[in-house]
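So the structure is just underneath, and the comments pick up after that.
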Amino acid sequence: MNSDILPYILQPMRVQDIPEVLEIERVCFSMPWSAHAYRYEIEENTLSWYVVARPAPRQAERGLLGKILNLRSAGQPRTPIIGYGGFWMMVDEAHISTLAVAPPYRRRGVGELLLLTMIEEAQRRGAAAVTLEVRVSNLPAQRLYEKYGFTVQGRRVRYYSDNGEDAYIMTTPPLRSASYRETLEALKARLYARLSSEAPPVAQ
Ligand SMILES: CC(C)(COP(=O)(O)OP(=O)(O)OC[C@H]1O[C@@H](n2cnc3c(N)ncnc32)[C@H](O)[C@@H]1OP(=O)(O)O)[C@@H](O)C(=O)NCCC(=O)NCCS
């Protein structure tokens, strides 16, 4: 499937992206990570992989206007970051450490696209499964993970220090199983069909 047809671009997170990431981080999480934490993840942690999502430049922005606005820098489109995610490879398991979409861009499939991309990257890196922790109260995120086959495998009591909330541990089925591969392909085809019929969102 061709990602060029999508109204979003996904790119590896770079140090220059951190200020934009932190703006989203602060509105999404009660215990936001610091710039230092992201810098460590990008520059030093060899087991981590982080990705950002941006709206694809619109047709007009790709031409003359794009040159004027300098939207392209070294071939990289530079529309605003609207979401991001990342994981750590822990032996043969990928552990999703973060996933967030800026509030004005939610419910358009961006979180799903980021999650799918992370699962695919985890597959490429040889992960047997993908796992994560999620607040027991965070129903939107749980619904997203369930859609991608994650099930609750355990509970970490008082995992979040800000309010003492428990976390569910959610994990995918084995990534190498034929049935999960089929599930993922079907979800990807449906997501791409949905997204490719949409124009890139206007920056908010
Ligand atoms: C969780 C989050 C990343 C989802 O991003 P999003 O771009 O809005 O999600 P999508 O539009 O891709 O939704 C994909 C699926 O997730 C589920 N979902 C997402 N938001 C939902 C909501 N508010 N209520 C119910 N289900 C929801 C649905 O199953 C949806 O599939 P559908 O479109 O077929 O109904 C976003 O709500 C967010 O950034 N939340 C704050 C940060 C956070 O909690 N991160 C997760 C930490 S573990």
From Ser161, Ser137, which residue is of a type in the set (Gly, Ala, Ser), within 22 Å of Arg107 (Cβ to Cβ) and surrounded by fewer than 16 Cβ atoms within 10 Å (Cβ to Cβ)?
Ser137
When region 95-117 is examined, which residues are found to be farther than 19 Å from Arg181 by Cα, more than 6 Å from the ligand (Cβ to nearest atom) and not in a strand (DSSP E or B)?
Ala102, Pro103, Pro104, Tyr105
Just name the residue that is farthest from Gly83 (Cα to Cα) out of those in region 186-204 that are in a helix (DSSP H, G or I) and among the aliphatic types (A, V, I, L, M).
Ala186
Inside region 75-108, can you point out the residues that are of a type in the set (S, T, N, Q) and without any contact (Cβ under 8 Å) to a residue 60 or more places away in the chain?
Ser97
Exactly one condition in (1) hydrophobic (A, V, I, L, M, F, W, C); (2) more than 15 Å from Tyr84 (Cα to Cα); (3) touching a residue at least 60 places away in the same chain (Cβ under 8 Å) is false for Leu47; which is it?
(3)
Filter pass, Glu165 being farther than 28 Å from Ile81 by Cα and among the acidic types (Asp, Glu):
yes
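Taken together, the values in this text are just the output of simple stated rules run on the coordinates, not laboratory data. Predicted model only: the values in this text are computed from it and were never measured. Don't worry about glycine lacking a Cβ; one is built from the backbone with ideal geometry, like all the others, and counts go over all protein chains shown.
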